[in-house]
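This report concerns only the one structure given below.
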Amino acid sequence: MLSSQIKSNEIVFGSCNKDLLEEIIFYGIGLGADFVEIFIENTDNSSVLAEEDFITSVSPSFGRGAGIRIFKGKKDGFVSTNDLTKHGLMRSISQAIEMLDITENKREVFNGLNKHRDYSLSKKKWINEVPSIHEISEKLLVSTKSLKKNNKIITRKGSYSRNLQEVIIASSDGTYVSDIRLHQTVGLNVIASDAQYRSSGSRRFGSSGMPNEFRLWDHEKAANDVFESSMNMLYADYVDAGQMPVVLANKFGGVIFHEACGHLLETTQIERGTTPFENKLNEKIAHESVTAIDEGISEGSFGSLSVDDEGMEPEKSVLIKDGILKKFISDRAGELRTGHKRTGSGRRQNYSFAAASRMRNTYIAKGEHSKEDLINSISEGLYCKSMGGGSVGATGQFNFAVEEGYLIKNGKLTSPVKGATLIGEAKEVMPKISMCGNDLELAPGFCGSISGSVNVTVGQPHIKVNSITVGGR
Amino acid sequence: MNSREITTQISKAADFLNLKKWDYGASFSNDYSVQVDKGEAKQLKASQKQILTIRVWNQSNLVGITTTSDISESGIKKALKQANIASDFGNKNESTEFSPLAKDPIKVKEVKKRNPVGIKKLLTVLREAEVKLLESHESIKSVPYNGLSESFFERVYANSEGAFRSYSKSQAALYLYARAEEKNKKPRSSGSVKLGYGADDIDIESCIKEASNKTISHLNYSSIKTDKYLICFSPESFLTIINAFSSMFNARSIIDGVSLSNKNSIGEKISTEALNIYDDGLHEKNISSTPFDGEGTPTKRLCLIKGGRIENFIHSESTARIFKTTPTGHAGLGSKVSVSPDWIVVEKSDENFDLKTSLDHSTYEGEFVYIEELNAIHAGVRASQGSFSLPFDGWLYKKGKKISIESATVAGDIKYLLKNIVNIESSQEVTTSGISPHIWINELSITGDA
């Protein structure tokens, strides 16, 4: 259960906290803050790990805390605490005021909180609808058993985690909302070995707001996919390094757009002066075949939200339309400091982080080509069927590991290759995406950045990049 | 509640729930940090955090666990109840016990207790550092990533057999990453991190100088031809590689089948005889040192590689029991106990006759690639397969001149790398993650744009 015992002068989940929240906000405004925001959360999480044919870890956790943010001009002070009493929250306000060195008497007006927007009403039952630890354990064990397809598979793992987060958000512009978020994720991993050869395979699945989703998960299909991938890569040779055209598969292939371009379209990057796209609004930054979207509204997708962590409903933001930059991903601080309107993208890992402009479900829109069209158009290149992780550096350079890759020769897929990394810069690679497939699919992931690790979806159809540096041996 | 009161509270609640065997780990922290942007305060942060992890053993001696930030009386009771429920799913295949060393005396470094300097002073210091860095070279246009923080924390371990350990300490960190821009050239970025027990202990001037010098040194850049090169790893980059493949020394990874080593690898020659590697969490230069691990086992210096041969693995209580040895002080506290290294120290052994000592990064005039810093470790390392392909910052040295490498990756195999060490320079350098000299590798593949 997420509800706490009722105590006086303390935030109580599931109850009306309006008077207490107003009192705290009044206190902050009275001390000279331009803006006060309170984010309070109560979490109930659990994770289960199956290895080989045993459950080896069950880890429940719960907690609560508050993050208080105060703005004075464009400066902000953020204080987080586990103390949800009136005294504790007031003390946090005082600490933030003191940090910002606010002494002037000019006071903003606070007219009280608006009518409560409660997004949690239909979600309170979720905690009783999610699978029990027993049910999760049974299905994970069946899944790891399904991975035992031959004696080359030397390790088999299945993991599940469920995060239930109840939030209350209130701020001096009148925002007063509550919500419950549910995220479930399940993954399978194998390592295959034969003499000196080794390979691995992994797949992760995830959903938001769908308590029944784990029950519907097709573990047989997932196990077959992971097994096949590890077997295909077991005897693969290392790829030769060089510049070449590549075809990136759909689903998690979208991680490249997310890392290499998506982050550069967050207003936090404009604030830092680290995006080459800062002054490129309405200019061409990508090939005309590219339209890219960031949204938080696709039902059940891992990055979807009813309301962001600053109390705004998420919008569908067309970032790039036919190669032209149309919009940046913005939060409250981003709007204040860069002038780009909020997009319902203020997100944080938990109460101990201030919200920042972060991606949600981010993908390249589908085009008109088939996957075969893309591959047939290449005489020598690389097909990246499955991508590993990646990162983008301070100057915009990115690098991504290719988990499962195949050489393309004369328009056909040939031998598997390992050890490939894709290296480049968004500014140079975006104009080289010359063909987009018609098979858009999304995949869940976790994105770590300034406001912690948040759930996101990446995605794309199959895409062709005319030329990119492939790192290898 | 203080740590003694929490122990009493857990003990009482466990008695009430008829839980005879339990242990817990807790941490309490107060953190303060500032960031600036061209002289203006950008974000000022303060946080108060508390985390409690409780393990209980049920009547079948299976372990359950729960973690919470709610350290109230009701929170502790709820955590014990949840841990008890979780124990029904405890690992029947591998038991967990208290560490046999959880009551052994611990060695706590004598560190002068630092007091908070406060947000205002942190802000003043960081503003001044930013200004100095911006003024250090006309091409440095901004310091997009910067921060100064100080943390004060206490860690506790206790169990139902009377073990009780706690220690408290302070730590401060400064990071400055500058961005340099020149006309018709790509922006270049580099930086520096410095740690101290308190903000007043941080060598701010050297952090500014290092960030400036590194950034400026990359202004004159060129792409590199894809080929195999003689490589010199900086102390920092070599430690990055060793940490990325530390599963080779990790008993938990060996049991889980994700290590390149196996139970019989002790004594196996994996490198030149000139290489010694230790894990030394208590080293006097390790500012982040902790006197005990998650299971209460004292931290100690442990030899991992001696004369090129694997000497020891790092252990938790359960892996040590499986390997018929003693825990080494490298455990976390979890439902499945993790094992990880503390602070790696790399040194040249006495048996260094096979080294090419003429290879010295400051005097060698032949062609080689100097790897200053490796990036994107999480993406480019396949620890279970031994392979890596990583972007790096570095220089190509040719005929005594150096030029920054525009954009490149280094790829290879850890076993090949260790076996092809051709020199270990004599002088060691202290970094934030350990100590190492410069290490030379015969040949690794570099992919560049040229």
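What do you get for Rg/Rh over the range B:301-450 if you use C-alpha atoms and the Kirkwood form of Rh? Numbers along the way, then the final one.
Numbers: Rg = 18.0 Å, Rh = 17.8 Å.
Dividing the radius of gyration by the Kirkwood radius yields 1.01.
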Query raised in the report: Say a paramagnetic label sat at a point 7 Å from the Cα of B:Lys81, along Cα to Cβ; which residues of the range B:6-48 have their backbone N under 15 Å from it?
Result: B:13-19
Query raised in the report: When the dipole is taken about the Cα centre of the protein assembly as shown, and only Lys, Arg (+1) and Asp, Glu (-1) are charged at their Cβ, what size is it in debye, to the nearest 20?
Result: 600
**Report entry** Pair A:Ser453, A:Cys16: separation of 7 Å Cα→Cβ label points (nm)
**Finding:** 4.0
Query raised in the report: Once amide H atoms are built 1.01 Å from N in the peptide plane, which residues 5 or more positions from A:Tyr238, or in another chain, come under 5 Å H to H?
Result: A:Lys418
Report task. Go ahead and run the numbers for FRET between A:Asn9 and A:Lys74, Cβ-Cβ distance against an R0 of 35 Å, rounding to 0.05. Result -> 0.60
Report summary line: Taking the dipole of the protein assembly as shown about the Cα centre (Lys, Arg +1; Asp, Glu -1; charges at Cβ), the one of A:Gly437, B:Val131, B:Thr68 that reaches farthest to the positive side is B:Thr68
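Evaluate 2.2 N^0.38 Å with N set to the residue count of the protein assembly as shown, then give the Cα radius of gyration divided by it. Display every interim value, and only then the final one.
Numbers: Rg = 27.2 Å, N = 923, 2.2 N^0.38 = 29.5 Å.
For the protein assembly as shown, the normalised Cα radius of gyration comes out at 0.92.
What Kirkwood Rh does the range A:106-251 have if only Cα atoms enter the pairwise 1/r average? Answer in Å. Present the calculation step by step, with values, prior to reporting the outcome.
Values: mean 1/r = 0.0527 Å⁻¹.
Radius from the Kirkwood sum: 19.0 Å.
222 nm [θ] for chain B, helices only, -39500 (n - 2.57) per DSSP H run of 4+, per residue, to 500? Write down the numbers at each step before the final one.
On the way: 9 runs with 92 residues, N = 450.
Computed ellipticity for chain B at 222 nm equals -6000 deg cm²/dmol.
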Query - Residues listed by number, the range B:14-32, amide nitrogen under 18 Å from B:Gln59 label point at 7 Å toward C-beta - result: B:14-22
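For A:184-191, what's the mean count of beta carbons from other chains sitting within 10 Å of each residue's beta carbon? It would help to have the intermediate numbers written out before the result.
Values: counts 0, 0, 0, 0, 0, 2, 0, 5.
Counting other chains' Cβ atoms within 10 Å and averaging over A:184-191 gives 1.
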Requested in this report: Over 31 Å, how big is the tail of the calculated P(r) for chain A, in percent of all Cα pairs?
Outcome: 48
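Please identify the GluC sites (Glu not before Pro) of the range B:21-105 that satisfy two criteria: DSSP loop assignment and at most 15 other Cβ atoms within 10 Å. Which are they? Please report the intermediate quantities before stating the final value.
On the way: sites: B:Glu40, B:Glu73, B:Glu94, B:Glu97; in loops: B:Glu94, B:Glu97.
Passing both the DSSP loop test and the Cβ count: B:Glu97.
So which GluC sites (Glu not before Pro) in the range B:243-300 pass both tests, a DSSP loop state and at most 16 other Cβ atoms within 10 Å of the Cβ?
Working: sites: B:Glu268, B:Glu273, B:Glu284, B:Glu295; in loops: B:Glu268, B:Glu273, B:Glu284, B:Glu295.
Loop-located and lightly packed - B:Glu268, B:Glu284.
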Query raised in the report: So, in nm, how far is label B:Asp360 from label A:Lys148 when the simple model puts each one 7 Å beyond its Cα toward the Cβ?
Result: 6.0
**Report entry** Per-residue ³J(HN,Hα) for the range B:65-70, Karplus 6.51 cos²θ - 1.76 cosθ + 1.60, θ = phi - 60°, Hz, x for Gly and Pro
**Finding:** 9, 8, 10, 8, 9, 8
Report summary line: In the range A:97-135, the trypsin sites (Lys or Arg not before Pro) that sit in a DSSP loop and have at most 11 other Cβ atoms within 10 Å of their own Cβ are A:Lys106, A:Lys115, A:Lys125
Report task. Report the FRET efficiency, 1/(1 + (r/R0)^6), for B:Asp449 and A:Thr414, where r is their Cβ-Cβ distance and R0 is 30 Å, rounded to 0.05. Result -> 0.70
Requested in this report: Work out Dmax and Rg for the range A:379-473 from the C-alpha atoms and quote the Rg first, both in angstrom.
Outcome: 14.2, 46
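Which value at 222 nm does chain A reach when only helices count, each DSSP H run of 4 or more adding -39,500 (n - 2.57), with the total divided by all residues and rounded to the nearest 500 deg cm²/dmol? Write out the running numbers ahead of the final one.
Numbers: 10 runs with 88 residues, N = 473.
Using -39500 (n - 2.57) per qualifying helix, the result is -5000 deg cm²/dmol.
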Report task. Could you run the Debye sum over the Cα atoms of chain B, one equal point scatterer each and no solvent, and tell me log10 of I(q)/I(0) at q = 0.06 Å⁻¹, two decimals? Result -> -0.31
Report summary line: Once both label points are put 7 Å beyond Cα along the C-beta direction, the A:Asp439-A:Lys106 separation in nm becomes 5.9
Query - Within straight-line cross-link reach of B:Lys306, lysines at Cα separation under 17 Å, skipping those fewer than 8 residues along the same chain - result: B:Lys269, B:Lys348, B:Lys415, B:Lys419
Report summary line: Whole-Hz Karplus couplings 3J(HN,Hα) for the range B:332-345, θ = phi - 60° and coefficients 6.51, -1.76, 1.60, Gly and Pro as x, run x, 9, x, 4, 10, 6, 7, 10, 8, x, 9, 8, 7, 10
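As an exercise, use a Förster radius of 25 Å and the Cβ-Cβ distance of A:Leu281 and A:Glu368 to find the FRET efficiency, rounded to the nearest 0.05. Don't skip to the answer; put the middle values down first.
Working: r = 27 Å, r/R0 = 1.08.
Given R0 = 25 Å and the Cβ-Cβ separation, E is 0.40.
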Query - Pairs from A:Lys321/B:Lys38; A:Lys366/A:Lys464; A:Lys74/B:Lys169; A:Lys152/A:Lys418; A:Lys123/A:Lys327; B:Lys78/B:Lys103 whose Cα-Cα separation, in the structure shown, is over 22 Å - result: A:Lys321/B:Lys38; A:Lys74/B:Lys169; A:Lys123/A:Lys327; B:Lys78/B:Lys103
Query raised in the report: A:Lys326's amide H: which non-local residues (gap 5+, or another chain) put their own amide H closer than 5 Å, with H modeled 1.01 Å from N in plane and none for Pro or chain starts?
Result: A:Asn282, A:Ile320, A:Lys321
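Every number here is computed from the coordinates shown, using simple stated rules; none is lab data. Given the structure is predicted, the values throughout are model-derived calculations rather than measurements. Virtual Cβ from ideal backbone geometry, glycine too; neighbours counted across all protein chains shown.
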